[in-house]
Amino acid sequence: MPVAAVKKDKSDEMDACLEKAADESKPFGETAGFLGIIGKSTAMQHVFELMDKVADSESTVLIQGETGTGKGLVAKALHRVSRRADKPFIGINCGAIPETLLESELFGHVKGAFTGATTNKAGKFERANGGTIFLDEIGDMSPDLQVKLLKVLEEGEFEPVGGTRTIQVDIRIIAATHRNLEEEVQKGRFREDLFYRLYVIPVTLPALRSRRSDIPLLISSFLEGANRKNVRQVLGVSEDAIQILMNHTWPGNVRELKNIIERLVVLKQKGEIDSSDLPDNLKSSACSHPLHTIELSEDGICLNNAVSEFEKALILQTLEKTQWVKNQAAKLLKLNRTTLVEKIKRHRLQPQVS
């Protein structure tokens, strides 16, 4: 069954694009996700249950996960259902700002503190007072700033760059990193005392390749959002195309999937996206490592179908490698040529016409 889109009567989780989650989604338990973060897989359900327990607490949260898994969305969702929801949510990417400027961005500065400081400036911590500050990619923070951050966590106060006045703040800290901070501590690149200050409530987000059953839901959501954003009328994605998308390893995780779907929608314009519309790298990766694409879902798996699909993908990969010279392919597969021909017919394999 194709994944449908542009239908007004869809359920909330299918109707909401992740980037519009703040306005359109419901709390955990009412949809296939948590405040617009989509997922029905067991891995994501565990994340949602943890988020539901800690969202309204005052504890520091450390969100861990690969780039593109949605750490920023999790941070915003935790703030939205916290006791500080009506107060500011201030985010800063610690890895995107030069070290010489990051201290000023975090703590502010006074006039004349350095060249170009023509006025007093409030930093992120001061602006977040009463609310939540989200420190993204905290593993990239320099050792000197780690010391100053530790003081804020321990005492709730800091001094602006070049200033002598101590500013007290009441904030909740949510941090995120794609790095393994325990390894960074062992290598001497991250302060151990700061790590334990941050590592109160760890939330680990799974990679997209570990939650393949969520891909159709994400496709539908991103399809809807891309149609609205770009004024397109793409009605859905074919079953073959969905299978290829589910088999991709997605090194860029959910962010990569979102970008691919938007590209497909813009270029397709209307109708249904099929496998021929997909980028070549996705089509080639679908059969590069066929065994890795087999996933045991919560409902189990049909072993005969899985074995058949593995055989089909492996034969196709071998045929493409040998430019469809069946004698060579049969040798690589340790099969008789007649056996290989029978399997090609049974799986209805044909060379792609360029």
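The values are calculated or read from the model by the stated rules, or taken from the named source; none is laboratory data. Keep in mind the model is a prediction, meaning the values are calculated, not measured. Here Cβ is always computed from backbone atoms with ideal geometry, including for glycine, and neighbour counts include all displayed protein chains.
Tabulated values for the structure
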{"read-out": "Listing of helices (runs of 4 or more DSSP H) fully contained in segment 139-230 that carry 3 or more residues being surrounded by 18 or more Cβ atoms within 10 Å (Cβ to Cβ), touching a residue at least 40 places away in the same chain (Cβ under 8 Å) and in the same structural domain as Glu256 (by TED's automatic domain parsing)", "value": "215-230"}
{"read-out": "Residue count, segment 171-206 (criterion: within 22 Å of the chain's Cα centre (by Cα) and either among the polar types (S, T, N, Q) or within 17 Å of Lys76 (Cβ to Cβ) (or both))", "value": "10"}
{"read-out": "Options Glu159, Glu155: the member that is under 21 Å from Ser57 (Cα atoms), over 33 Å from the mean Cα position of the chain (by Cα) and not polar (S, T, N, Q)", "value": "Glu155"}
{"read-out": "Those residues of segment 103-113 which are buried (at least 21 other Cβ atoms within 10 Å of the Cβ) and among the aliphatic types (A, V, I, L, M), in sequence order", "value": "Leu106"}
{"read-out": "Condition met for Ala85 (outside the structural domain of Asn259 (by TED's automatic domain parsing), free of Cβ contacts under 8 Å to residues at least 12 places away in the same chain and among the hydrophobic types (A, V, I, L, M, F, W, C))", "value": "yes"}
{"read-out": "Search result, residues across segment 232-244 that are of a type in the set (Val, Ile, Thr) and either touching a residue at least 60 places away in the same chain (Cβ under 8 Å) or not in a helix (DSSP H, G or I) (or both)", "value": "Val234, Val237, Ile242"}
{"read-out": "Thr115 being farther than 23 Å from Arg179 by Cα and either modelled with pLDDT under 90 or aromatic (Phe, Trp, Tyr) (or both)", "value": "yes"}
{"read-out": "Residue among Leu135, Leu50 that is within 23 Å of Val185 (Cα to Cα) and crowded, with 16+ Cβ neighbours inside 10 Å", "value": "Leu135"}
{"read-out": "Any helices (runs of 4 or more DSSP H) falling wholly within segment 252-354 and containing at least 2 residues that are within 35 Å of the chain's Cα centre (by Cα) and modelled with pLDDT under 85", "value": "280-285, 303-321"}
{"read-out": "Hits in segment 207-244 - residues which are over 13 Å from the mean Cα position of the chain (by Cα) and hydroxyl-bearing (Ser, Thr, Tyr)", "value": "Ser213, Ser220, Ser221, Ser238"}
{"read-out": "Test: Ala43 is assigned to a loop (DSSP other than H, G, I, E, B) and among the aliphatic types (A, V, I, L, M)", "value": "no"}
{"read-out": "Residue that is surrounded by the most Cβ atoms within 10 Å (Cβ to Cβ) [pool: residues in segment 231-246 that are aliphatic (A, V, I, L, M) and at negative phi]", "value": "Val237"}
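Results for (1) free of Cβ contacts under 8 Å to residues at least 40 places away in the same chain; (2) under 24 Å from Ile37 (Cβ atoms), shown as yes or no for each residue.
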residue	(1), (2)
Met246	no, yes
Trp250	no, yes
Asn253	no, yes
Glu256	no, yes
Ile260	yes, yes
Leu267	yes, no
